[in-house]
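Here's the structure, in structure tokens; my notes come after.
The values are calculated or read from the model by the stated rules, or taken from the named source; none is laboratory data. Everything numeric in this text was worked out from a predicted model, so none of it was measured. Note: ideal-geometry Cβ built from the backbone for every residue, glycine included; neighbour counts use all protein chains shown. Side chains are part of the model used for accessible areas, which takes the heavy atoms of the whole protein and leaves out ligands, DNA and RNA. Shrake-Rupley method; radii C 1.70, N 1.55, O 1.52, S 1.80 Å.
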2 protein chains.
Amino acid sequence: MISVIGYYTTRFGELWEKSLFELVKKAITGVLTDTKVDIDQVDAIFFGNMLGGVLENNLHSGAKIAEIVGKNIPVFRVESACASGGVAFHLATQYIKSGAAKNVLVVGAEKMTDFSPEQVVATLAAAASGEEQEAGLTFPGLYALIANYYLKKYNYTEEHLAHVSVKNHYHGSLNDKAQFKREITVKDVLKSAYVATPLKVLDSSPISDGASALLITNDQKFIKKALHSVSVLSCEVATDTISLKHRKNLATFEATVIAAKKAFKRAKVKRTDISVAEVHDCFSIAELVALEDLGFYKKGTAGDAYTKEPPMVGTNSKLVVNTSGGLKAAGHPVGATGVKQIGEIFLQLTGQATNRQVKNAKFGLAHNVGGSGGTAVVTILGS
Amino acid sequence: MISVIGYYTTRFGELWEKSLFELVKKAITGVLTDTKVDIDQVDAIFFGNMLGGVLENNLHSGAKIAEIVGKNIPVFRVESACASGGVAFHLATQYIKSGAAKNVLVVGAEKMTDFSPEQVVATLAAAASGEEQEAGLTFPGLYALIANYYLKKYNYTEEHLAHVSVKNHYHGSLNDKAQFKREITVKDVLKSAYVATPLKVLDSSPISDGASALLITNDQKFIKKALHSVSVLSCEVATDTISLKHRKNLATFEATVIAAKKAFKRAKVKRTDISVAEVHDCFSIAELVALEDLGFYKKGTAGDAYTKEPPMVGTNSKLVVNTSGGLKAAGHPVGATGVKQIGEIFLQLTGQATNRQVKNAKFGLAHNVGGSGGTAVVTILGS
């Protein structure tokens, strides 16, 4: 069994004073210091990063990280758009299972705020199909198509979506590493400017810098002496068509459905066993669709549930979602997101989540999406 | 034990009529048709590609390939500069060993000739360190530093380098899929224009389009019914500092030395067992350094050996190098190169190398490098 034995994340936000690799170094140093593990004991590194090539002509980051850590170990950069961090984690766990390594660092990072928002939005569209790019569709546009479809299909309003952001901003206010630490109201969301109807600024995750790192191992010596550890019960990846036009139903992400089914089966836990989940809320609509696809709510019911009993810290909800603040409030440095999600579940299951701690959490789930659902990664952890 | 059971490559060259994903589709269809394996029997795909993001804002290619094949299977894009194909193969073999998959496609592709050479050279510099990029160093410049150091250290001349290209062009003339099928002479090389002294146009691999695909499996049913198969005895990855300034000796790639040592140890074969090798000759100097680092020649002796008895098809040399034509003559569509190298060894060990066939080849080696030696992958195959 593989365990997560350490997690460190930089603050997410506009970190103009640090370069991509300075953030990576900070995250790696942080997790090694916290766990008292030496870099000599690390066998390989998996690195999730989406935009380094496009934005700053920065590729071959595996070797660049090898130079930073001063070791000749294999360092692999993987890219699956916004799912780069989750995919890096998936491949790292399989790499350990293969016998190629025991102690592996999984690092995710992105540097986005040095560039104009227009430039970042244009490059993020690289995750969409050529056709969608040529049609001028950006990610807010793609998710707006999904939102319109969902709202109409289930007779919901923009107010239902607003509750997602309100909850996530409340959680962000409890997380020192979050980009946004202020609470917002449904009214704030509804009066914010439209980005792509029906999605508004406060339905949308921000552009962010940040780096996160996890240390994982199957070495019993390391697990036993670790201050904190959680078991990786499963981590599954599935894909779907890249273009929305090839999908039968825009209100569901097939990749999430498939990855979740496989992950629950392998982990041998039930939906009701999960107390905390980090799901991919790049836009408010994405959180509702995700929770239904993951099987926590029946299709079309998440909107109602959120107005009645949002899955928020401090409520009676048996499931609490996005305690980190989610992509919306914690920030969304693309490559780091999937790593941070698993890190947040690690903090929750080991009682380290301070004032946003969910009581008696035994099992948690992280859900990371690439593009508009082309890739999904579902990871289940157990304490 | 994992076996390669099929290989298909498009022609390498200026393929203006095909897009990146049309090339990918052609390679995948080719290998599935040749092996009579259905896409439904494929569990995962690993995709090596370097420049799709930078040159054509084309990321998240895993999901794009999932759409092409019409399956929800995991598709992973990995990027390690010019070693992307080799690294994809390495991770694919470990993925099988982990138990996550049995039948895996390893695909590499690059689309470069639609862009200006200046643009391609600038984006290729993404594989170098930020410092080297800022200093204006391009890849010809970096390898020129290495060539100058090597020539001076071992008292060689530019003529010694020229023999590498002459041999590889001869091999290219025997390969239908090669970009350059004409023979050249030492005189041709020496009178070609300097790119970065002492390296000339005919010391340098070209800018190319192309896609290559391998089908690998550990399923005995598939191996038994395969028309052709070779065993993957080992595939190892190592890294080095990204910047040349941090290296003690420019005439050696530490990443190659480490990966080769591990690969030979794991494969349990000797250097003298290897009859055919594909090595990373992005520039002529790289082939000489590679063959010494791999342990086929003592340090500083490859230059002499090449003038006396080049490792060429049709000679008495016990080792034949770059029968495909190498990067120099077969072409260098970056992401495809590492996959094609392993494919060429597969062809040689299964007697399918037509008029460039090396007789009685039982063991072969492929060597793929990222950047100026920041990453190296060494793969040993046995028939």
Taking every other residue with Cβ under 13 Å from the Cβ of B:Ala376 and scoring Lys and Arg +1, Asp and Glu -1, one gets -2
Shortest first, in nm, what separates the label point of A:Glu131 from those of the same position in the other copies (7 Å along Cα→Cβ)? 4.8
What's the average, rounded to a whole number, of partner chain beta-carbon atoms within 10 Å of each residue's beta-carbon in B:128-140? 2
Could you check the simple spin-label distance between B:Asn155 and A:Lys224, using points 7 Å along Cα→Cβ, in nm with one decimal? 6.0
Determine the sum of side-chain charges near A:Asn249: Lys and Arg each +1, Asp and Glu each -1, restricted to other residues whose C-beta is under 10 angstrom from that of A:Asn249. +3
Compute the Cα gyration tensor for region A:112-158, then decide on rounded, prolate or oblate, letting a ≥ b ≥ c be the square roots of its eigenvalues: rounded whenever a/c is under 1.5, prolate when a/b is larger than b/c in the other cases, and oblate in all that remain. oblate
Quick one: which residues, 5 or more positions from A:Phe76 or on another chain, have an amide H under 5 Å from its amide H? H modelled 1.01 Å from N in the peptide plane, none for Pro or chain starts. A:Ile45, A:Phe46, A:Phe47
How many angstrom lie between the Cα centre of region B:1-55 and the Cα centre of region A:29-88? 27
Within region B:283-303, name every residue whose backbone N is under 17 Å away from a label modeled 7 Å from Cα of B:Arg271 along the Cβ vector. B:287-303
Relative contact order of chain B, defined on C-alpha pairs under 8 angstrom at six or more residues apart (%): 27
Projected area averaged over orientations for the protein assembly as shown, convex hull of C-alpha atoms, nm²: 29.1
Chain A - accessible surface per residue (Å², probe 1.4 Å): 34
Calculated FRET value between B:Val201 and B:Lys299, using beta carbons and R₀ = 25 Å, to 0.05: 0.35
So how much slack lies between B:Glu56 and B:Thr29, counting 0.36 nm per residue of separation and subtracting their Cα-Cα distance, in nm? 7.4 nm
Using alpha carbons only: equivalent-ellipsoid semi-axes of chain B, gyration tensor based, whole Å: 30, 23, 19
Below 12 angstrom from the Cβ of B:Glu22, what's the summed charge of the other residues (Lys, Arg +1; Asp, Glu -1)? +3
Return one number: the angle in degrees, 0 to 90 and rounded to the nearest 10, between the long axis of the Cα atoms of helix B:284-293 and the longest principal axis of the Cα atoms of chain B. 70
For region B:264-383, what relative contact order do you get, as a whole percent, if you take Cα pairs closer than 8 Å and at least 6 residues apart? 31
Estimated D of region B:1-148 in µm² per second, where Rh is the Kirkwood radius over Cα pairs and Stokes-Einstein applies at 10 °C, 1.306 mPa s: 95
Which far-off residues, 5 or more places away or on another chain, put their amide H under 5 Å from the one on A:Ala128, with H placed in the peptide plane? none
Taking the Cβ-Cβ separation of B:Thr354 and A:Lys362 as r and a Förster radius of 60 Å, what is the calculated FRET efficiency to the nearest 0.05? 0.45
For the protein assembly as shown, what does -39500 (n - 2.57) per DSSP helix run (n ≥ 4), summed and divided by total residues, give at 222 nm, in deg cm²/dmol to the nearest 500? -11500 deg cm²/dmol
Calculate the mean, over all residues of peptide B:368-380, of how many other protein chain Cβ atoms lie within 10 angstrom of the residue's Cβ. 2
Rounded to a whole number, the mean other protein chain Cβ count within 10 angstrom for residues of B:78-89 is 4
Roughly what % of DSSP beta bridges within the protein assembly as shown run antiparallel, to the nearest 5? 70
Give the distance, in whole Å, between the Cα centre of region A:324-360 and the Cα centre of region A:147-179. 17
Mind listing the phi-derived Karplus ³J(HN,Hα) values for region B:239-252, rounded to whole Hz, using 6.51, -1.76 and 1.60 with θ = phi - 60°, and x for any glycine or proline? 10, 8, 4, 6, 8, 4, 5, 8, 8, 7, 9, 6, 8, 9
Dividing the mean separation of Cα pairs under 8 Å (6+ apart) by the residue count of region A:1-149 yields a relative contact order in percent of 26
In Å, what Rg and Dmax follow from the Cα atoms of region A:166-240? 18.8, 55
Which angle between 0 and 90 degrees, to the nearest 10, do you get for helix A:334-349 versus the longest principal axis of chain A when only C-alpha atoms count? 80
Distance in nm between pseudo-label sites at B:Ser317 and B:Glu22 (7 Å out along the Cβ direction from Cα): 3.7
Farthest toward positive dipole pole in region B:56-116 [+1 Lys/Arg, -1 Asp/Glu at C-beta], among B:Phe89, B:Val78, B:Asn58: B:Phe89
